[in-house]
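The next block holds one structure in the form of structure tokens; read it before the comments.
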Ligand SMILES: [Zn+2]
Ligand SMILES: [Zn+2]
């Protein structure tokens, strides 16, 4: 391949401002692989960076980590991949040496970091990653759909924590992309008794289309009423599992109150402060399990298989596809909340 000297990468330089910077493309060495980015989906955390509200990131910052790309050049140690292969990036960088890494729990690495926090974002023409973080995309999965592998891996990791059995009733708190992906993944793998609590009617409609049995808008339906409706729908028992994907204290409190005795709450929405007002006694008296779910660990291959077996279900979450130069516009669409938005895919030309 002819050497490309410079390439374009998007950054959030200051509040609600996307700018493109020029970067030199290094040559891949050792186990590195250079990708031509085919698609990069916008994550809720990118939106937080755009609004300068990300708890661990300050501006200026690179953005974009839900990436699919084609291999264009490989380092001299690469044997398993070749030019033209379509892959997705598992966008973590772990140290490989701490106790968590040595035990295979690399998502809990003490030194974990992410490409975008190291200055390399996925809203770019090219992306460099080590081979161990690349997963091949099956033939039937197009690059846009493949870009959903990362958030789907988040979701599968969370589902794995819930200890659910086939047909168990579950309730999802949060109608963001993670809540919608949870609905889709639970529906195709485990149960059709899914309830969702959210606050945007367009997203709640999407959840219903994805198979949620009932959805409630928390702007209209009071917490007590939500609890009553879940009990009504579960023979007075409550849900076996709840997924709290909002990071709101109220949602956490309601989610615990809607659980069946012995049920499991999986928490995956980050909170801005300490959650107060949580009734610890309810955890004791109902013998609830409360489990955190952080990112993913060995979940990408399963995510890829699911995308391959249900392309239309997961593809229906993609509501917009925009070119890289319209990234600013894409963030504005997500921020204005006027249109129906699921996942927005950015494609560099
Ligand atoms: Zn993400
Ligand atoms: Zn480590």
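Just so it is clear, none of the values below were taken in a lab; they were calculated from the coordinates. Note that the structure is predicted; figures quoted are calculated from it, not measured. Every residue, glycine as well, gets a Cβ built from its backbone with ideal geometry; the counts of neighbours run over all protein chains shown.
Quick notes on this structure:
- Cβ crowding within 10 Å averaged over residues, with 113-120, 151-158, 331-338, 42-49 ranked highest first: 151-158, 42-49, 113-120, 331-338
- Degrees between helix 149-161 axis and first principal axis of the chain (Cα, 0 to 90, nearest 10): 40 degrees
- 12 Å reach of a label modelled at residue 291, 7 Å along Cα-to-Cβ, counting backbone N of segment 157-195: 157-165
- Relative contact order of the chain: 17 percent, from C-alpha pairs under 8 Å at least 6 residues apart in sequence.
- For the chain, the antiparallel share of DSSP beta bridges with both residues in that region comes to about 55%.
- Taking the number of Cβ atoms within 10 Å of each Cβ as an exposure proxy, the fewest-first ranking of 36, 276, 329, 343 is 276, 329, 36, 343.
- Distance from segment 230-308 to segment 119-198 (C-alpha centre basis), Å: 17 Å
- Max-minus-min Cα coordinates of segment 53-133 on each principal axis give 37, 33, 17 Å, with the largest extent listed first.
- Förster-model FRET efficiency, 25 Å R0, residue 13 and residue 249, C-beta, rounded to 0.05: 0.15
- Quarter of Cα convex hull surface for segment 155-292, i.e. mean projection, nm²: 7.3 nm²
- Two-decimal Rg/Rh across segment 155-233, once Rg and the Kirkwood Rh are taken from alpha-carbon atoms: 0.94
- Placing dummy labels 7 Å off each Cα toward the beta-carbon, the span from residue 139 to residue 339 is 3.5 nm.
- Sorting 34, 270, 181 by the number of Cβ atoms found within 10 Å of their own Cβ, with the fewest placed first, yields 270, 34, 181.
- R0 of 25 Å, Cβ-Cβ distance residue 21-residue 70: FRET efficiency to nearest 0.05: 0.65
- Across segment 155-292, the relative contact order, built from alpha-carbon pairs under 8 Å that are at least six residues apart, equals 23 percent.
- Angle between the chain longest axis and helix 327-336 axis [Cα atoms, degrees, rounded to 10]: 10 degrees
- Modelled this way, with points 7 Å down the Cα-to-C-beta line, the labels at residue 79 and residue 235 are 5.6 nm from one another.
- Share of pairwise Cα-Cα distances greater than 25 Å in segment 1-125 is 31 percent (whole percent).
- Alpha-carbon Rg with Dmax, taken over the chain, Å: 20.5, 67
- Relative contact order, whole percent, for segment 1-152 stands at 29, derived from Cα pairs under 8 Å and 6 or more residues apart.
- You can think of it this way: the chain between residue 51 and residue 227 has 60.0 nm of extra reach, that is 0.36 nm per residue less the Cα-Cα gap.
- Distance between the 7 Å Cα→Cβ label points at residue 200 and residue 298: 3.5 nm.
- Computed from Cα atoms, the angle from the helix 300-309 axis to the main principal axis of the chain rounds to 80 degrees.
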